[in-house]
Amino acid sequence: MKKTFFVSLAIIFVMVISAFLLPNIKKVSALPDNMVVTYSDIEEANNSKEFSPLINLELPKNIDVSTDGDLTDTVLKIKLFNLFTIKKVNIRLLSDTDVYVGGETVGFNLFSEGVICVGSNAIVTADGAQEPIKTSGLMDGDAILKIEDIEIENIQDIDRIINLPAFAGKPLILTIRRNGEEIKTKITPAFDLLNQKYKLGLWVRNNASGVGTLTYVKKNDFRFGAVGHPIVDSSLADNFSVDSGNIYKCRLLGIKKGERNNPGEIRSTINLSDDSIGLADTNCKYGVYGNILNKGIVDADRTAILGGRLSVKLGDAKIYCSLDNEGVKAYDIKIIKANKQNTADDKSMIIKITDKELLEKTGGIIQGMSGSPIVQNGKIVGAVTHVFVNDPTRGYGVYVDWMIDN
């Protein structure tokens with residue numbers, strides 16, 4: 001009888017503990033297998049008992065962590081009763097590093113590696129109209145890097161190379177980049193009767209420009225992250241690869257207020273004859289990156305720590321942006337959803353604008369605000385990326401995880 005009582009008691013105890021732990025274990029299981037965290041993220045999660053008083057996050061002992069905002073690869077163990085490991089997460093550990101909080105509206109003029117195909121046209125030859133691209137395998141968005149192993153740096157290089165006496169009229173090997181992969185193909189130039197020289201019949205470009213918001217600038221080396229998504233020209237491919245570029249101050253002209261199914265925009269202009277305030281070297285899914293040259297662009301009093309996704313909490317936060325020539329201001333938002341992301345994506349969380357002043361000025365999120373830093377509890381946890389077209393008061397943000405290693 002006594003044995004039965006204790007067995008029943010044990011079963012009840014296990015059921016109660018299981019019922020208590022199950023939601024927390026599900027929360028642990030929902031963590032991605034790879035993520036970026038900071039020391040303070042782990043400390044806060046343990047101190048706040050975020051997952052449960054019975055669940056603890058543990059780093060390897062005596063880990064040698066890089067400083068100055070570098071990332072260290074290691075494994076985070078999540079333990080039950082501080083004894084049993086219930087999940088391991090591959091993490092990139094970020095030292096707690098102050099950065100300057102952005103919010104400035106800036107313009108970009110980016111140059112590709114090689115030149116980008118954006119179309120084609122027929123060439124008038126002695127044998128009629130010809131389109132060399134049709135038999136070459138070239139596609140819009142392809143970056144032409146080399147012709148017969150001679151590097152292409154600008155549009156003029158193509159005409160010069162294909163009209164060299166050694167190459168004139170012959171099939172030529174092109175080295176191109178498509179979707180990040182280098183491949184080779186052949187194309188035979190056609191002799192243009194109108195211009196009396198060989199042509200490929202390609203329309204090409206080697207630059208793209210756009211406007212966005214500066215997200216952060218690292219204090220140690222003044223490397224910046226901005227926009228939160230790539231700068232994409234309508235005539236260029238999404239995979240537009242940047243070889244170099246410049247960043248400029250914008251002159252703000254006004255605001256087009258956003259409405260349902262009619263996105264608004266920050267109206268601004270950049271003057272490419274002005275001195276650039278920085279150099280860009282990367283244009284990827286998570287934004288534009290480079291180094292600030294004019295350190296006067298940052299506000300030395302506006303700082304925060306870069307925070308991994310463990311920093312993100314549902315609830316109040318702020319975004320920083322510049323909507324007039326009076327400078328950067330902070331505006332109230334709420335983070336209403338934080339997505340589980342095992343793979344990189346620029347739609348990490350859903351935010352809602354709650355600030356009355358911002359809603360009055362813009363109607364919500366508008367074009368040009370992409371990259372506006374999302375700050376919560378003294379940490380930059382992400383950046384604004386997209387607006388909901390049917391509801392401009394809501395939009396997406398990208399976790400700063402995906403931004404900080406570029």
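Hey, could you grab the Kirkwood Rh for the range 211-320? Inverse mean 1/r over distinct alpha carbon pairs, Å, one decimal.
So the Kirkwood estimate lands at 16.1 Å.
State to the nearest 20 debye the size of the charge dipole of the range 122-200 about its Cα centre, where the only charges are +1 on K and R beta carbons and -1 on D and E beta carbons.
Values: 10 positive and 13 negative charges, 40 e Å.
It works out to roughly 180 debye.
Beta-bridge orientation, the range 302-406: approximately 95 percent antiparallel, per DSSP, counting only bridges with both partners inside.
Translational diffusion coefficient, Stokes-Einstein: compute it for the range 274-406 using the Kirkwood radius over C-alpha pairs as Rh, at 10 °C and 1.306 mPa s, and state it as an integer in µm² s⁻¹. Reported coefficient: 103 µm²/s. Can you list residues from other chains, or at least 5 along the same chain, whose modelled amide H is less than 5 Å from the amide H of Asn207? Result for Asn207 returns Ser112. Close amide H pairs (under 5 Å, H built 1.01 Å from N) link Gly264 with Gly258, Glu259, Gln367, residues at least 5 positions away or on another chain.
Note down the magnitude of the dipole of the chain about its Cα centre, charges +1 on Lys and Arg C-beta and -1 on Asp and Glu C-beta and zero elsewhere, to the nearest 20 debye.
1820 debye
Of the residues Gly212, Gly180, Gly114, which exhibits the maximal mean-square fluctuation in a Gaussian network model of the chain defined by a 10 Å Cα contact cut-off? Maximum among the listed residues: Gly180. For the chain, the spread of Cα positions along the three principal axes, ordered from largest to smallest, is 106, 52, 43 Å. Among complete DSSP H helices in the chain, those whose alpha-carbon atoms stretch at least 20 Å along the helix's long axis and whose mean Kyte-Doolittle hydropathy reaches -0.5 are 2-29.
What percent do you get for the relative contact order of the range 122-200 when only Cα pairs under 8 Å and 6+ apart count?
Contact order relative to length: 36 percent.
The mean sequence separation of alpha-carbon pairs under 8 Å and at least six residues apart, normalised by the residue count of the chain, gives a relative contact order of 16 percent. Karplus-derived 3J(HN,Hα) values for the range 202-219, using 6.51 cos²θ - 1.76 cosθ + 1.60 with θ = phi - 60°, are 9, 9, 9, 9, 9, 8, 9, 9, x, 10, x, 10, 5, 8, 8, 10, 5, 5 Hz; glycine and proline are entered as x. Antiparallel beta bridges, as assigned by DSSP with both residues in the chain, represent about 95 percent of the total such bridges. The Cα atoms of the range 86-192 define a convex hull whose projected area, averaged across directions, is 12.8 nm².
We did not get these values from a lab; they are worked out from the coordinates using the rules stated. No experiment lies behind these values; they were computed from the predicted model shown. Cβ atoms come from the backbone with ideal geometry, glycine included; neighbour counts cover every protein chain shown.
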